[in-house]
Amino acid sequence: NGVAGDEFTMSEAVQRGTLDMGIISDFGLSGVESEVGVAGLPYLFENMDQVKEHYYNGFLGEYNAARLAEHGIRVLAWGDNSFRALSNSVRPVQTVEDIDGLNLRVTQVPVLIDYFEALGARVTPLPITETLTSLQQGLVDGQENGINLTASFGFGDAQEFMTVTNHAYSAVAFVINEQAFDGLSAEDQQVVQEAATAAAEFEVEQNIKDVETNRAKLEDGGVVFSELTPAAVR
């Protein structure tokens with residue numbers, strides 16, 4: 001909810017040890033280790049089966065965890081932060097050309113900034129905690145996030161259109177400062193690890209279910225949905 005600061009601030013706090021633990025997106029953690037941002041490559045994954053196989057339980061998860069370990073951050077488990085969608089208050093985005101000229105809040109990850117600039121958008125990188133105000137004041141036309149975050153942060157109140165693009169996938173990491181973890185007894189380390197694993201598994205399945213629920217809430221609030229397939233972008 002932003003009480004501990006934006007995700008970049010939280011990532012640095014876990015690294016320093018001023019915050020022992022956190023649940024932080026891979027994009028937020030890229031502020032500590034830029035290579036973690038590779039997860040944001042457009043259309044890297046097509047569905048959750050691929051995410052679970054190659055990210056949570058595969059090479060990408062192992063790679064990102066190893067990079068973060070070099071900065072004193074231990075990844076206990078990977079969870080879901082959803083495939084991303086695009087919302088705006090100007091026009092429905094039904095073709096890639098409709099993105100041209102939109103002023104979009106894009107998460108502060110270079111690969112996504114480059115992607116939307118290549119599509120002709122005017123990109124304004126902002127922390128998620130500043131996004132709603134910027135939308136309400138008309139400083140930006142739209143934003144890209146998962147449907148769940150778009151609903152939970154109230155962005156739909158300032159947006160008329162939402163396009164399911166699935167242009168990138170973002171995970172969350174259940175993380176702990178390495179020194180804090182090392183300071184625990186072996187028994188407590190096991191308890192923490194098992195709890196994080198169980199929590200992440202629950203979070204993934206709940207988040208997947210919440211997408212349809214939150215889409216319905218946004219639609220009930222007047223947001224008009226459309227689809228933009230990877231084939232249309234290519």
Check your understanding: Is it the case that VAL90 is closer than 30 Å to GLY221 by Cβ, at pLDDT below 95, more than 17 Å from the chain's Cα centre (by Cα) and not charged (D, E, K, R)?
Key -> no
Revision key, fill the gap. Contact list, first residue from region 187-202 and in the same structural domain as ILE24 (by TED's automatic domain parsing), second anywhere and aliphatic (A, V, I, L, M), beta-carbon distance below 6 Å, six or more apart or interchain, is GLN193/LEU76; ALA196/LEU76; ALA196/ALA77; THR197/ALA77; ALA200/ALA77
Point to revise | Neighbours by Cβ (under 8 Å, 6+ apart or cross-chain): first from region 222-234, within 17 Å of GLU212 (Cα to Cα); second basic (Lys, Arg) and in a helix (DSSP H, G or I) | key: PHE225/ARG215
Check your understanding: Hey, among LEU29, LEU44, which residue is surrounded by fewer than 23 Cβ atoms within 10 Å (Cβ to Cβ), assigned by TED's automatic domain parsing to the domain that holds GLU194, under 16 Å from the mean Cα position of the chain (by Cα) and closer than 30 Å to PHE161 by Cα?
Key -> LEU44
Point to revise | Scan of region 47-78 for residues that are hydroxyl-bearing (Ser, Thr, Tyr), within 22 Å of ASN148 (Cα to Cα) and surrounded by fewer than 21 Cβ atoms within 10 Å (Cβ to Cβ), ordered by number | key: TYR56
**Study point:** Cβ pairs under 6 Å, 6+ apart, first in region 123-137 and more than 11 Å from PHE153 (Cβ to Cβ), second acidic (Asp, Glu) and not in a loop (DSSP other than H, G, I, E, B)
**Key:** VAL123/GLU117
Practice item. Those residues that are in contact with a Ser or Thr (Cβ under 9 Å, 6 or more places away or on another chain) and not small (Gly, Ala, Ser), I need them from region 2-18; list them, please. Key: ASP6, GLU7, PHE8, GLU12
Study note, to complete from the structure: If you go through VAL96, VAL111, VAL140, the only one that is touching a residue at least 60 places away in the same chain (Cβ under 8 Å), more than 23 Å from ALA13 (Cα to Cα) and more than 17 Å from the chain's Cα centre (by Cα) is VAL96
**Study point:** Subset of region 115-129 (residues that are of a type outside the set (Ser, Thr, Tyr) and in a strand (DSSP E or B))
**Key:** ARG122, VAL123, PRO125
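The values are calculated or read from the model by the stated rules, or taken from the named source; none is laboratory data. Note that the structure is predicted; figures quoted are calculated from it, not measured. All Cβ positions, glycine included, derive from the backbone under ideal geometry; neighbour counts span all protein chains shown.
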